[in-house]
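Colleague: Structure below; questions to follow.
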Amino acid sequence: NPSHWLGENGKAVIIGKEEEDLKNEKFNLNKFNLLASDRIALNRSLPDVRMDGCRRKHHPKLLPSTSIIIVFHNEAWSTLLRTVHSIIRTSPEPLIQEILLVDDASERGKQLEEYVATLPVSVKVLRTGKRSGLIRARLIGAKEAKGDVLTFLDAHCECTKGWLEPLLSRIVEDRTRVVCPIIDVISDENFEYIPASDMTWGGFNWKLNFRWYREVWDRYRVPQRELDRRKNDRTLPVRTPTMAGGLFSIDRQYFELLGKYDEGMDIWGGENLEMKLIPVLNNSGEEWFEPSFSALAVSV
């Protein structure tokens, strides 16, 4: 795309004061600047912020295929399709078994089937028929999936170069790994791409509330034992107690072996801890990976 296009290379889109009322009106629809999103190309570019060591890493030539499962409910057209286009643009085509878009009873009358039929990879639209909530909708996608690995993503993400191969590589080495990317930030105010720290990790308190821990907080830095295990090589994965839950990859058969998600869960919340605690009880691991992904779900 031409570099002068709005939002290219992850740049902020500034809405003028003369359109402030329209911006605020649209903001209330999805709780982000929809006016800015609609003016950004669906295939916009993002900078490659990986460390040099990450760029130089070699991954196995034979990697498993993945089914990418995206659940949405009344999602903005531009953010949903930008998610799909970014997956296609940044992923080796042979690794994408399919992209499964699970529509959890949206009410905005948008029809996706004709549009996704024009895309160069297999994209299927599944509809729940009635409001099911995130977890049961994800299970519908998982049941339909044919790929070796399930990759769950939010409906408002943008992938950056080299995001997929590292996740699949870790699962090739050990199929009991639950692998997450680092989640960068896309501003809900202006859609600026903001890289996150590779030393951010996820934890929870005894009320089972998830929270982020960042290296700037001395008390909550990545433990020294983990730094020692990695021999201070920041291109290696960080083991983390839990995950945010929106973005991760897991071997499909292992997901089924663990019993999948609990179907009694409504909407969202708690499933991220379930996907951590069950693997731990089965003596497997969970890892946080390289800075290779961005998500609008985390705003500044």
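The values are calculated or read from the model by the stated rules, or taken from the named source; none is laboratory data. These numbers come from a predicted model, not from an experiment. Here Cβ is always computed from backbone atoms with ideal geometry, including for glycine, and neighbour counts include all displayed protein chains.
Colleague: Can you tell me which residue among Leu119, Leu80, Leu101 is closer than 30 Å to Pro47 by Cβ, part of a loop (DSSP other than H, G, I, E, B) and either modelled with pLDDT under 95 or touching a strand residue (DSSP E or B) at 6+ places or on another chain (Cβ under 9 Å) (or both)?
Modeller: From the options Leu119, Leu80, Leu101, the qualifying one is Leu119.
Colleague: Would you say Asn24 is at positive phi and not in a loop (DSSP other than H, G, I, E, B)?
Modeller: Considered against the rule, which asks whether it is at positive phi and not in a loop (DSSP other than H, G, I, E, B), Asn24 comes out as no.
Colleague: Where residues in region 156-165 are surrounded by fewer than 22 Cβ atoms within 10 Å (Cβ to Cβ) and not acidic (Asp, Glu), which of them is farthest from Arg252 (Cα to Cα)?
Modeller: Lys161
Rundown of residues vs (1) within 24 Å of the chain's Cα centre (by Cα); (2) among the polar types (S, T, N, Q); (3) within 23 Å of Ile182 (Cβ to Cβ), yes/no style:
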position	(1), (2), (3)
Ser3	no, yes, no
Ile14	no, no, no
Lys17	no, no, no
Lys23	no, no, no
Asn30	yes, yes, no
Ile40	yes, no, yes
Asn43	yes, yes, yes
Asp52	yes, no, yes
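Colleague: If I ask for residues that are at negative phi, surrounded by fewer than 15 Cβ atoms within 10 Å (Cβ to Cβ) and either at pLDDT 75 or above or outside any loop (DSSP other than H, G, I, E, B) (or both), which ones from region 255-269 would you list?
Modeller: Matches in region 255-269: Glu256, Leu257, Glu263.
Colleague: Do we have any residue at all in region 147-166 that's within 26 Å of Met51 (Cβ to Cβ), touching a Ser or Thr at 6+ places or on another chain (Cβ under 7 Å) and at pLDDT below 85?
Modeller: No, the conditions are met nowhere in region 147-166.
Colleague: Given the structure, is Val49 at pLDDT below 95 and either part of a loop (DSSP other than H, G, I, E, B) or closer than 25 Å to Ala145 by Cβ (or both)?
Modeller: So Val49 passes the test.
Colleague: Take Leu35 and tell me if it is surrounded by 15 or more Cβ atoms within 10 Å (Cβ to Cβ), closer than 29 Å to Leu112 by Cα, free of Cβ contacts under 8 Å to residues at least 24 places away in the same chain and touching a Lys or Arg at 6+ places or on another chain (Cβ under 8 Å).
Modeller: Taking the combined requirement at face value, the residue satisfies it.
Colleague: Look through region 89-120, keep the residues that are touching a helix residue (DSSP H, G or I) at 6+ places or on another chain (Cβ under 9 Å) and within 23 Å of Ile171 (Cα to Cα), and return whichever of them is surrounded by the fewest Cβ atoms within 10 Å (Cβ to Cβ).
Modeller: Pro92
Colleague: If you don't mind, there's one more thing I want to ask. I need the full set of residues from region 127-159 which are outside any loop (DSSP other than H, G, I, E, B) and within 23 Å of Pro94 (Cβ to Cβ), in order please.
Modeller: Matches in region 127-159: Gly141, Ala142, Glu144, Val149, Leu150, Thr151, Phe152, Leu153, Cys157, Glu158, Cys159.
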